[in-house]
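To start, the structure under review is shown below, and the notes come after it.
Throughout, read-outs are computed from the coordinates displayed, never taken from laboratory work. Only a predicted model underlies this, so the values are computations on that prediction, with no experimental measurement involved. We place every Cβ from the backbone using ideal geometry, glycine too, and count neighbours over all the protein chains shown.
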Amino acid sequence: MDAFEAFIALVFVIALQVGPNIAYLQYMKRAMRRPWNVKIDPNYRPRITVIVPTYNEAKVIEMKLQNLNSLAYPEDKLEVIVVDSASTDGTLDLCRQWLTRNNFKFKIILLSEPIRISKSHALNYALKYANGEIIVVTDADAILTPDILIKAIPYLADPEVEAISGRERIVNANACFIAKMESVYRDIYYMLRLGESKVHSTQIFQGEFAAYKRNLLELFVEDPGRSDDNGAVTEILRKGKRCLFIPEAIFYDAVPCNLIDYLRVKIRRAAHLQREFFVRLKLLAKGVLNIPKSILIANIYQHFVNPLIFFMLLVPLALYFLIELSKISLTLSTLLILAITMASISARRFIALYVISNIVLIIAFIRTLVPSKRQGWEAIRSSREYLNILRSLEKIKHPTSMRTTNTQRKSLIKLGGKPKVIVEAKQQ
Ligand code: GDD
Ligand code: MN
């Protein structure tokens, strides 16, 4: 194969990889503009239990409690359960201290597991104490906009809708190249998840904020290779019910600016997703997953086929082409590399995202194949630092929806609040 043939093959492989992704993005872009075929009841106010799982979250737990206290919802209809799994950094003590110093407007239960097993295990333990008709799960490192429940819960009034998840915004979006790159990913993610929700159901949930109907939710899957949120999506899809991404239900979290930390989070999440898509593919093959096939197949293409094409065809061909080109003209190949590295900032961000996403997916894939490398959970500290720095500076650029509006405030006063109740339980 000479340089010219390698070039043609390269163009073909790029088209093979990029083509289906662009086609799906276009399909989703059109789908996201469709009206919701959902019965939304803005006055729907079911009883809610908000569960916050914590493992060594001392850095953020006070901020989280403060944030939950700002939630707009009838005070007699919401309870919070903090479920800690043997944190060694005093997370639970900080919780208790914060609650005695501050007036927490909702009922709150503190649970503590003697040993740490997993987030899902902790959530299932908390479910035993939950009285809500709706279970909201929210991570300690996510900041919710105060009106998130008012915006999201009305969608659950539809009997077909079983669960909803929210939209992530990045607090430190401009802090570094990685955060800017992640913002590009989030923009694409937004279109895909919203489009999928309009067609039937989003294929991916976020554990930072997700709400489930209690009556159909059995237990969160405890398989260490899967995640609570996306595991629940699979179970709901199996029942033929819908899971929606609600664009106006906004929460914030931070992206680690350290490349290693960033890769660690992305690889763990990618491994969980691949495992989940594999489970869904099996269900689809068995004919027990009654959802439009296109959205699941497209996600499987993105999470499995894409990285394989990238590493098995695109990278070797690109290298081969560059070597062949250098043989003909070193100047030409140098110029080509220069042109790519000097591309516009947005193109550079996009190329970096494209390459990194494929690297993440392939590493996740390999790790999933090797059982000893399968990943449990590990804390990524650097992103928590960001939340704290921003909090102490009080510089989190919340949109106006971050403030409780006057009408919401009035409705809260009218409904009145129950005195704070702190129940503490230790698992036997
Ligand atoms: N009680 C308890 N026990 N909590 C835990 C445990 C545990 O063993 N392990 C983790 N947590 C808590 C953390 O303290 C945090 O509040 C939350 O679970 C999520 O952990 P993160 O470290 O912030 O996870 P992430 O941001 O990388 O991943 C999130 O998003 C994924 C994709 O949506 C999580 O929500 C994942 O569950 C989710 O799959
Ligand atoms: Mn997190």
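The figures follow:
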{"read-out": "Distribution of pairwise C-alpha distances over the stretch 1-120, 5 Å bins, in %", "value": "2, 9, 13, 12, 9, 7, 7, 8, 9, 8, 5, 5, 4, 2, 1"}
{"read-out": "Sequence ranges 97-109, 324-336, ranked by mean other-Cβ count within 10 angstrom, highest first", "value": "97-109, 324-336"}
{"read-out": "For the chain, cysteines whose Cβ has no other cysteine Cβ within reach (under 4.7 Å)", "value": "CYS95, CYS243"}
{"read-out": "Cα-based shape type of the stretch 312-370, given that a ≥ b ≥ c are square roots of the gyration tensor eigenvalues and the cut on a/c is 1.5", "value": "oblate"}
{"read-out": "Degrees separating the helix 177-199 axis from the principal Cα axis of the chain, which is the longest one", "value": "80"}
{"read-out": "Acute angle (nearest 10 degrees) that the helix 259-286 long axis makes with the longest principal axis of the chain, alpha-carbon atoms", "value": "90"}
{"read-out": "Protection proxy ranking of 14-26, 226-238, 148-160 - average other beta-carbon atoms within 10 Å, highest first", "value": "226-238, 148-160, 14-26"}
{"read-out": "Radius 13 Å from Cβ of ILE178, net charge of other residues (Lys, Arg +1; Asp, Glu -1)", "value": "+4"}
{"read-out": "In the stretch 2-138, lysine pairs closer than 22 Å at Cα, eight or more apart or cross-chain", "value": "11"}
{"read-out": "Cα gyration tensor shape for the chain, rounded if a/c is under 1.5, else prolate or oblate", "value": "prolate"}
{"read-out": "Whether the stretch 132-197 is rounded, prolate or oblate, judged on the alpha carbon gyration tensor where a/c under 1.5 counts as rounded", "value": "oblate"}
{"read-out": "Volume per residue that the Cα convex hull of the stretch 262-328 spans, once the total is divided by residue count, Å³", "value": "107"}
{"read-out": "Cβ-based net charge around GLN203, under 11 Å, with every Lys or Arg adding one and every Asp or Glu removing one", "value": "0"}
